[in-house]
Amino acid sequence: MTTFVDRVELHVAAGNGGHGCASVHREKFKPLGGPDGGNGGRGGDVILVVDQSVTTLLDYHHSPHRKATNGKPGEGGNRSGKDGQDLVLPVPDGTVVLDKRGNILADLVGAGTTYVAAEGGRGGLGNAALASARRKAPGFALLGEPGRGGDVVLELKTVADVALVGYPSAGKSSLISVLSAAKPKIADYPFTTLVPNLGVVTAGSTVYTIADVPGLIPGASQGRGLGLEFLRHVERCSVLVHVLDTATLESDRDPLTDLDVIEEELTQYGGLADRPRFVVLNKIDIPDGKDLAEMIRPELEQRGYQVLEVSAVAHMGLKELSFALAEIVAKARADRPKEEATRIVIRPKAVDDAGFSVTLEEDGIYRVRGEKPERWVRQTDFSNDEAVGYLADRLSRLGVEDRLMKAGARAGDGVAIGPEEDAVVFDWEPTMMAGAEMLGRRGEDHRLEEPRPAAQRRRDRDAERDDSQKEYDEFRPF
């Protein structure tokens, strides 16, 4: 059964925003009490957060579909809908978020680092929020926006200071087990280690992490063996340690050839040329291994490598190795540029930037693209004529009609608002009136201008009483 997964494709979907409510206050002796529809709640976000207790992406391998909750719709009585709950997904330290094309979206390093993978849709406004001096009683509300979603790829790159590389069965797992408290699987057959092992080493006042990378053989950078799957785990390391087997039982192998082969694979993988190298000659507890180590050490030092002879089984040379690696790690940390505080850059909007564009396509359709027009279209209930009229007003105030005229649009031409896969297409009429306009000018409600029924009845009774009194005064005897 798979217990370690370092690359998954995650399908995320944020919550949809709740619809606004169109409601009119109703209470005894208070006719036409005015709009009281509440706003819809915001949809929940999908958030990735670094959790130090998580070491694998196994959960997302088994359950790749994740969705946040939707916002609740608004209600009458000025009651807003409840916001959707954010979905927080814990990921290991060193997780890289990419899109389907391989572009890096975020590099999550450090406990608590977060990234919003999918943003929830905003809730629609109720008719109480849409009321104004010109539109006293809107008979419509705005719809909630759908939450964003899509596919992202999560790749885990181990965050370690030292990476142990070498042929299978060279003794990498044995070294990490004696240098730290890690307990990897150890056996005398190739590809015993199927996952990167991570351990913490303390050498004096320096504490650093060490990891072994399994499966490096000739052709690993092209996908042979397990190398390509795990080579990404050495990218963040400060120093690369070649573990060479000086007592190999294979007649066609020798430590120098192993070193050249692994270096070639690292070169083919790319991006590791600037990392300092260190060579460990392992298994010197075996007489033949000790002799071979003493024979090849001068040549390795002549190439510029720092070399140590050790035995993971006999615990020989381990203290010197741990302090030597600590010195290299400390130097790498000191040379690392200091992280600067995040600068907040404010880019003012250009004076001539209307926030949208109008283009004439080959099929004769004028396409309108922009954040505001597309959002307004998504929030419009096209089954409500008054809501359509409100949309027309907003587009006109934004300058869409003027831009269409300048682009050469004529009455009856097709206009599309939004992307090709999700656009609203209609025949443009510059003077188009919505059905609600038959009641009068848009934004006015003549019902509020008329007297209340009870007051009108009182006036009628008073008028009848006055007429009766006049008749009596005319015919009474003097």
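The values are calculated or read from the model by the stated rules, or taken from the named source; none is laboratory data. Given the structure is predicted, the values throughout are model-derived calculations rather than measurements. Virtual Cβ from ideal backbone geometry, glycine too; neighbours counted across all protein chains shown. The area values use the complete protein model at the heavy-atom level, side chains included, leaving out ligands, DNA and RNA. Shrake-Rupley method; radii C 1.70, N 1.55, O 1.52, S 1.80 Å.
Remarks
- Index of the failed condition, LEU398 passing every other in (1) modelled with pLDDT under 80; (2) within 28 Å of GLU361 (Cα to Cα): (1)
- Some residue of region 109-125 being in contact with a Gly (Cβ under 9 Å, 6 or more places away or on another chain), surrounded by fewer than 18 Cβ atoms within 10 Å (Cβ to Cβ) and among the hydrophobic types (A, V, I, L, M, F, W, C): yes
- First in region 74-89 and surrounded by fewer than 17 Cβ atoms within 10 Å (Cβ to Cβ), second anywhere and not in a loop (DSSP other than H, G, I, E, B), Cβ under 8 Å, 6 or more apart: VAL88/ILE47; VAL88/VAL49
- Positions within region 337-360 being modelled with pLDDT under 75 and open to solvent by less than 100 Å² (accessible area, probe 1.4 Å), in sequence order: ALA341, VAL345, ALA350, ASP353, ALA354
- All positions within region 61-73 that are assigned to a loop (DSSP other than H, G, I, E, B) and buried (at least 17 other Cβ atoms within 10 Å of the Cβ): ALA68, THR69, ASN70, GLY71, LYS72, PRO73
- Restricting attention to region 192-231, the residues being at pLDDT below 80 and aromatic (Phe, Trp, Tyr) number 1.
- In this structure, ALA273 does satisfy being in a loop (DSSP other than H, G, I, E, B) and at pLDDT 80 or above.
- ALA332 being modelled with pLDDT under 90 and either among the charged types (D, E, K, R) or in a helix (DSSP H, G or I) (or both): yes
- Residue satisfying condition, being open to solvent by 20 Å² or more (accessible area, probe 1.4 Å) and in contact with a Ser or Thr (Cβ under 8 Å, 6 or more places away or on another chain), within set SER132, SER169: SER169
- If you filter region 21-60 down to residues that are without any contact (Cβ under 8 Å) to a residue 12 or more places away in the chain and part of a strand (DSSP E or B), you find that the one that is surrounded by the most Cβ atoms within 10 Å (Cβ to Cβ) is LYS30.
- Residues that are closer than 17 Å to GLY355 by Cβ and among the polar types (S, T, N, Q) within region 373-426 comprise GLN379, SER396, listed in sequence order.
- Here LEU249 clears all of (1) of a type in the set (A, V, I, L, M, F, W, C); (2) at pLDDT below 85; (3) touching a helix residue (DSSP H, G or I) at 6+ places or on another chain (Cβ under 9 Å) except the condition numbered (3).
- Residue within region 364-372 that is at pLDDT 90 or above, within 30 Å of GLY20 (Cα to Cα), assigned to a loop (DSSP other than H, G, I, E, B) and open to solvent by less than 70 Å² (accessible area, probe 1.4 Å) present: no
- Reported count of residues in region 135-151, each being open to solvent by 10 Å² or more (accessible area, probe 1.4 Å) and more than 33 Å from the chain's Cα centre (by Cα), is 4.
- The residue that is modelled with the highest pLDDT, counting only those in region 419-453 that are touching a strand residue (DSSP E or B) at 6+ places or on another chain (Cβ under 6 Å) and part of a loop (DSSP other than H, G, I, E, B), is ALA423.
- Residues of region 385-405 classified as without any contact (Cβ under 8 Å) to a residue 24 or more places away in the chain and either open to solvent by 30 Å² or more (accessible area, probe 1.4 Å) or not in a helix (DSSP H, G or I) (or both), total: 4
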